[in-house]
Amino acid sequence: MEELNILIIGGGGREHAIAWKLSQEKRTGRLYCAPGNAGISRVAQCIQLKVDDVSNIVSWALQNKIDLVIVGPELPLTLGLVDALADVGIRAFGPSKKAAEIEGSKAFAKNLMQKYGIPTAKYAVFTDRESALSFARGMKGPWVVKADGLAAGKGVLICKTIEDTKQAIEEVLTDKSLGDAGKKIVIEEFLEGEELSILAFCDGKTAIPMVPAQDHKQIFDGDQGPNTGGMGAYSPVPLATPALLQEIEQSILRPILQAMEQEGKPYCGVLYPGLMITAEGPKVLEFNARFGDPETQVILPRLQTDLVEIIMAALDKRLTEIQVKWQDQSCITVVMASAGYPGAYQKGLPIRGLERIPPDVLVFHSGTAFREEEFVTAGGRVLSVTALGKDIKEAKAKAYRAVENIHFEGCQYRRDIAHRAN
């Protein structure tokens, strides 16, 4: 089979995991990543293009005879990168601009779920402060206030009192603390339960679920402190029984693909519903239109089938013909973050100890650069230290042994990743 020249868009741990997987596959020809990072540069050629620079990405892909583009982050999807590439005959894995609205607008996603009977929290959408506050006062707390648009992981505020809710509404809607993302807000009931991430490969009609994962959003052990982009993840998840996975497929994945098709927005790419497993069954917290981060770092090491084969089958609308195989092993990733994250943090700090990591541990770089012959920090989340094992206990022990060998000033990480699996 012919080799494909592939361009990955993005520069975090998710993109490093994708590049690592593709770099081992027989159909991968030249492999590029834009903008990439210092770790990714070890397996792919990094190209200095911004993820939101649609026209320059398209021009570069044309000039360099790219056969396939894989889009990592949500922003270029909502800007229509996949459509712009299709216009010049380049295949791209990810939803169209219309279909990416499922992540780009929380109001759109909630209204769609309500229309098609897909289980989610009770909610209402607002553009003015008074009616939002009036609705909140009529509900039992806690309250969840969400900015409608993309807010880089900062658009969800969980409020324990009506005073906190009022403040959140004013900050987002009146004070525009999240800019245009907060021109419209969703207020919804707080769902009790355990979170679960189910990512699926989609070709417009068929969804093939990946192995389940669970991430850890809060910065501190015991799920304390502010939310982050994710401080670690593990797979498989004891909570995700075969019966529960079947229910998720029947009540959420299949209906949402049918709904998107009926709305004239057929969905091709990775669809990732963030789920809360409540006493009443699984409910959708939100939809993401791409691979999750850090879930990808524990899902792809378990994938036995070539990723490029799955992607090409999705683009050709023949996912039903492909058998996706997974390793029985467990996988865990621990995110090492900069001091101060998810707030302000320092960059450019030397990272020591990477050369001491055993070959059976994977270190995916999230925010790193290379300066004066050494790796330095360049982001809030710096590294995703990932290990496979015969069970979660073994994978966890291997990952944490590796973490203890890596040092950069002020580094912080959770010591209880996969605590719910113990």
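The values are calculated or read from the model by the stated rules, or taken from the named source; none is laboratory data. Note that this is a predicted model, so its numbers are computed, not measured. For neighbour counting, all protein chains shown are included, and Cβ atoms are generated from backbone atoms with ideal geometry for every residue, glycine included. Remember, those area values only see protein heavy atoms, side chains included, never the ligands or the DNA or RNA. Shrake-Rupley method; radii C 1.70, N 1.55, O 1.52, S 1.80 Å.
Consider the range 37-46 and keep the residues that are over 23 Å from ASP215 (Cα atoms) and under 22 Å from the mean Cα position of the chain (by Cα). The one that is surrounded by the most Cβ atoms within 10 Å (Cβ to Cβ) is ALA44.
Selection of the range 274-295 for residues being crowded, with 20+ Cβ neighbours inside 10 Å, over 22 Å from MET231 (Cβ atoms) and of a type in the set (Gly, Ala, Ser) yields only ALA289. Quick one: would you say ARG91 is over 21 Å from the mean Cα position of the chain (by Cα), open to solvent by less than 40 Å² (accessible area, probe 1.4 Å) and basic (Lys, Arg)? So ARG91 does not fit the description; no. Of the strands (runs of 3 or more DSSP E) contained entirely in the range 327-422, those carrying at least 1 residues that are touching a residue at least 24 places away in the same chain (Cβ under 8 Å) and of a type in the set (Ser, Thr, Tyr) fall at 330-337, 368-371, 374-377, 381-389. Kindly indicate which of ILE406, ILE392 is over 16 Å from SER330 (Cβ atoms) and touching a helix residue (DSSP H, G or I) at 6+ places or on another chain (Cβ under 7 Å). Just a single option satisfies the conditions, and that option is ILE406.
Only one entry in ILE392, ILE417 is surrounded by 20 or more Cβ atoms within 10 Å (Cβ to Cβ), under 21 Å from THR228 (Cβ atoms) and β-branched (Val, Ile, Thr), namely ILE417. Given the structure, is GLU192 open to solvent by 10 Å² or more (accessible area, probe 1.4 Å) and in contact (Cβ under 8 Å) with a residue 24 or more places away in the chain? It is true that GLU192 is open to solvent by 10 Å² or more (accessible area, probe 1.4 Å) and in contact (Cβ under 8 Å) with a residue 24 or more places away in the chain.
Taking the range 249-271 as the range and being open to solvent by less than 20 Å² (accessible area, probe 1.4 Å), touching a Phe, Trp or Tyr at 6+ places or on another chain (Cβ under 7 Å) and not small (Gly, Ala, Ser) as the test, the residues that pass are LEU257, MET260, VAL270, LEU271. One residue stands out among those in the range 342-376 that are over 27 Å from the mean Cα position of the chain (by Cα) and farther than 30 Å from ALA395 by Cα: the one that is modelled with the lowest pLDDT, which is GLU372.
Of all residues in the range 141-162, those that are within 17 Å of VAL284 (Cα to Cα) have Cβ atoms under 6 Å from Cβ atoms of residues that are polar (S, T, N, Q) and outside any strand (DSSP E or B), 6 or more apart or on another chain, in TRP143/THR165; ASP148/SER105.
Here is the figure for the range 13-26: residues that are open to solvent by 10 Å² or more (accessible area, probe 1.4 Å) and either among the aromatic types (Phe, Trp, Tyr) or closer than 21 Å to ALA337 by Cβ (or both) total 3.
Does GLU103 satisfy the condition of being open to solvent by less than 20 Å² (accessible area, probe 1.4 Å), farther than 30 Å from LYS283 by Cβ and of a type in the set (D, E, K, R)?
On the way: open to solvent by less than 20 Å² (accessible area, probe 1.4 Å): yes; farther than 30 Å from LYS283 by Cβ: no; of a type in the set (D, E, K, R): yes.
Criteria not met by GLU103.
Among the conditions (1) in contact (Cβ under 8 Å) with a residue 40 or more places away in the chain; (2) farther than 22 Å from LEU285 by Cβ; (3) of a type in the set (Lys, Arg), LYS97 misses just one, which is (1).
When the range 157-170 is filtered for residues that are surrounded by 14 or more Cβ atoms within 10 Å (Cβ to Cβ), charged (D, E, K, R) and over 21 Å from GLN224 (Cβ atoms), the ones remaining, listed by number, are LYS166, GLU170.
Scanning the range 131-156 for residues that are farther than 21 Å from ALA289 by Cα, open to solvent by 50 Å² or more (accessible area, probe 1.4 Å) and not in a helix (DSSP H, G or I) turns up GLY138, LYS140.
From the list GLU355, GLU309, the lone residue that is among the charged types (D, E, K, R) and closer than 30 Å to MET1 by Cα is GLU309.
Across the range 296-306, a minimum of one residue is classified as surrounded by fewer than 20 Cβ atoms within 10 Å (Cβ to Cβ), over 24 Å from LEU75 (Cβ atoms) and acidic (Asp, Glu).
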